[in-house]
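All remarks here apply to the structure that follows.
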Amino acid sequence: MAKHTGEQGNSNKKWQLSVGKKAERKARSKCEKRLVWFGFGMFGLVGWSVALPALGGVALGLWLDEQYPRQYSWTLTLLLAGLVVGCINVWYWLGKERCKINNTKDEA
């Protein structure tokens, strides 16, 4: 019976720590007060991170099509390459942001 009480006490301490961490995180988020505009800014940042390499690929492709005409289109090829580069860029950036968020959650 003592073993059961010890397990219950350990479980209770874990629960108290969990609740304490959540309360601290909630209090900290109230202090930060990120506005809706912050979210829109993040969407814009992700969008431009994909759009700029794609537009750069199109511009370079148009120039290459004029200078070195081929059977295939440089414009379409470099558009796709720009999209891939942009998506990899966003994937890397969001991974770093996720790590930051997880680190702040662990600290709380």
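The values are calculated or read from the model by the stated rules, or taken from the named source; none is laboratory data. Quantities reported herein were computed from a predicted structural model and do not represent experimental measurements. Here the Cβ is made from the backbone with ideal geometry for all residues, glycine too, and neighbour counts use every protein chain on show.
When both residues are 6+ apart or on different chains and their Cβ atoms are under 9 Å apart, which pairs have a first residue that lies in the range 36-50 and is in a helix (DSSP H, G or I), and a second that is loosely packed, with under 12 Cβ neighbours inside 10 Å and modelled with pLDDT under 80? Listed by first residue and then by second, the contacts come to Met42/Glu97. Against the criterion of being of a type in the set (A, V, I, L, M, F, W, C) and modelled with pLDDT of 85 or more, Val36 does not qualify.
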